Amino acid sequence: MNPELRELYDPMLERDEQAIEAAAAAYAGRRGAIELFHAVSRFAVLAYNPSQHGKHALLAASSAWELRERLGTRWHELLTACAVYAANARLPWSEPPLLEPPPLEGEPPTLEEIRAALERGDRSAAERWLAGRIDLPGFERDLFEIAALDLRDLGHPFLVTVAAWKISRLQDRHPSFAVLRAAVLEWCARRDDPPREPAADEPGEDRALAAALLDRVWREGGSLEALHDLALFDAALEAEAFGAAPAAVARVRRTVETAAEGDGFPSPPGPPAEPIYALARDYGAYLKAHAIAERLSRRFPDLSFERLVAAAGYNLRSSSFDQWSFA
């Protein structure tokens with residue numbers, strides 16, 4: 001590890017927030033904000049764990065990339081907030097990151113075998129599958145097909161896979177085993193909630209689904225559940241662009257819920273604030289709302305995404321998850 005990167009990572013490993021802020025500012029000053037993003041996103045990936053804050057620290061880092069042009073000279077402030085979040089989300093007993101794929105013995109598991117392995121939470125089998133298939137043609141189709149198998153826990157297996165793929169695409173080598181291993185860890189995480197089965201009917205055209213999901217976020221006051229279903233729909237659109245199989249994308253689309261539980265709330269006064277804040281407070285939801293709005297407004301320019309950001313801001317003001325370090 002080069003000395004400049006160590007100066008950034010050491011306070012992150014120690015969870016010294018003031019030192020992280022100083023180190024991030026110094027790193028951005030020497031190397032630029034783009035390099036700071038790469039350093040912070042790699043830390044979020046390598047320190048990944050399937051706790052709520054662990055997975056959302058990775059999702060926040062991925063989302064931060066979307067806002068680089070809009071935030072301009074303030075982008076490094078958002079990256080610093082991501083660095084603090086990733087540092088605090090790292091489990092104190094976390095194992096060293098696995099940077100290189102494990103040695104292969106025989107053929108890697110097939111898709112059928114990896115499905116069975118995930119049902120029993122066999123991480124080593126999943127890592128062997130990733131190592132053996134990562135350089136083969138059609139790998140991205142298989143990756144997203146596996147990610148779409150289990151859509152429990154608000155769809156986190158799929159969301160983390162898409163976010164890791166996006167971070168991998170920005171690395172010197174893509175696809176990156178070290179980055180995509182975060183998806184494997186999420187696939188193998190224990191889940192106690194019941195399976196979330198897709199609806200039997202087709203979800204309809206995307207604009208109508210986007211409008212219905214936006215309405216649900218607004219009517220539920222930016223609830224995390226409503227925002228996650230919108231994020232899952234957004235991730236399906238991204239995965240489709242990355243080469244996911246239509247059947248896997250359709251399965252994700254059919255899983256999102258549009259029925260709202262609530263009658264809306266008064267619009268918060270004043271313009272929305274920039275998404276630079278203590279991200280653990282709402283699992284980075286307000287930041288992700290800005291990033292989703294950036295992406296979906298390009299796809300659906302006739303829809304208004306101001307309500308999405310306003311609703312997420314409303315939820316932020318009433319949220320307090322920052323002490324739930326390992327939930």
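Restricting A212, A231 to residues that are farther than 18 Å from G284 by Cβ and of a type in the set (G, A, S) narrows the list to A212.
Filtered by the rule that a residue be of a type in the set (A, V, I, L, M, F, W, C) and in a loop (DSSP other than H, G, I, E, B), the stretch 171-190 gives C188, A189. Evaluating E257 against the criteria (1) closer than 19 Å to A147 by Cα; (2) of a type outside the set (G, A, S); (3) in a loop (DSSP other than H, G, I, E, B); (4) open to solvent by less than 20 Å² (accessible area, probe 1.4 Å) leaves one unmet condition, (4). Residue under question is R169, and the condition is that it be within 22 Å of P246 (Cα to Cα), open to solvent by 40 Å² or more (accessible area, probe 1.4 Å), in contact with a helix residue (DSSP H, G or I) (Cβ under 9 Å, 6 or more places away or on another chain) and not aromatic (F, W, Y); does it hold? The answer is yes for R169. Can R298 be described as charged (D, E, K, R) and more than 16 Å from S223 (Cα to Cα)? Here the answer is yes, as R298 does meet what is asked. Answer yes if at least one residue in the stretch 56-72 is open to solvent by less than 60 Å² (accessible area, probe 1.4 Å), assigned to a helix (DSSP H, G or I) and over 19 Å from L159 (Cα atoms), and no otherwise. Yes, the stretch 56-72 has at least one match. Considering only the stretch 172-212, how many residues are under 25 Å from R299 (Cβ atoms), open to solvent by 70 Å² or more (accessible area, probe 1.4 Å) and either touching a residue at least 12 places away in the same chain (Cβ under 8 Å) or touching a strand residue (DSSP E or B) at 6+ places or on another chain (Cβ under 9 Å) (or both)? Count: 3. Taken together, the residues in the stretch 12-27 that are out of contact with any Ser or Thr (no Cβ under 8 Å at 6 or more places or on another chain) and closer than 16 Å to T73 by Cα amount to 2. Elements of the type helices (runs of 4 or more DSSP H) sitting completely within the stretch 107-153 and holding at least 2 residues that are of a type in the set (D, E, K, R) and open to solvent by less than 70 Å² (accessible area, probe 1.4 Å): these cover 123-133, 139-147. Evaluation of F233 against the conditions (1) touching a Pro at 6+ places or on another chain (Cβ under 9 Å); (2) modelled with pLDDT under 95; (3) open to solvent by less than 40 Å² (accessible area, probe 1.4 Å) shows that the sole unmet condition is (2).
When Y27, Y9 are checked against the criterion of being more than 25 Å from L154 (Cβ to Cβ), open to solvent by 10 Å² or more (accessible area, probe 1.4 Å), at pLDDT 95 or above and part of a helix (DSSP H, G or I), Y9 stands alone in meeting it.
The values are calculated or read from the model by the stated rules, or taken from the named source; none is laboratory data. Values in this document were obtained by computation on a predicted structure and should not be read as measured data. We place every Cβ from the backbone using ideal geometry, glycine too, and count neighbours over all the protein chains shown. All accessible areas refer to the heavy atoms of the entire protein, side chains included, with ligands and DNA or RNA removed. Shrake-Rupley method; radii C 1.70, N 1.55, O 1.52, S 1.80 Å.
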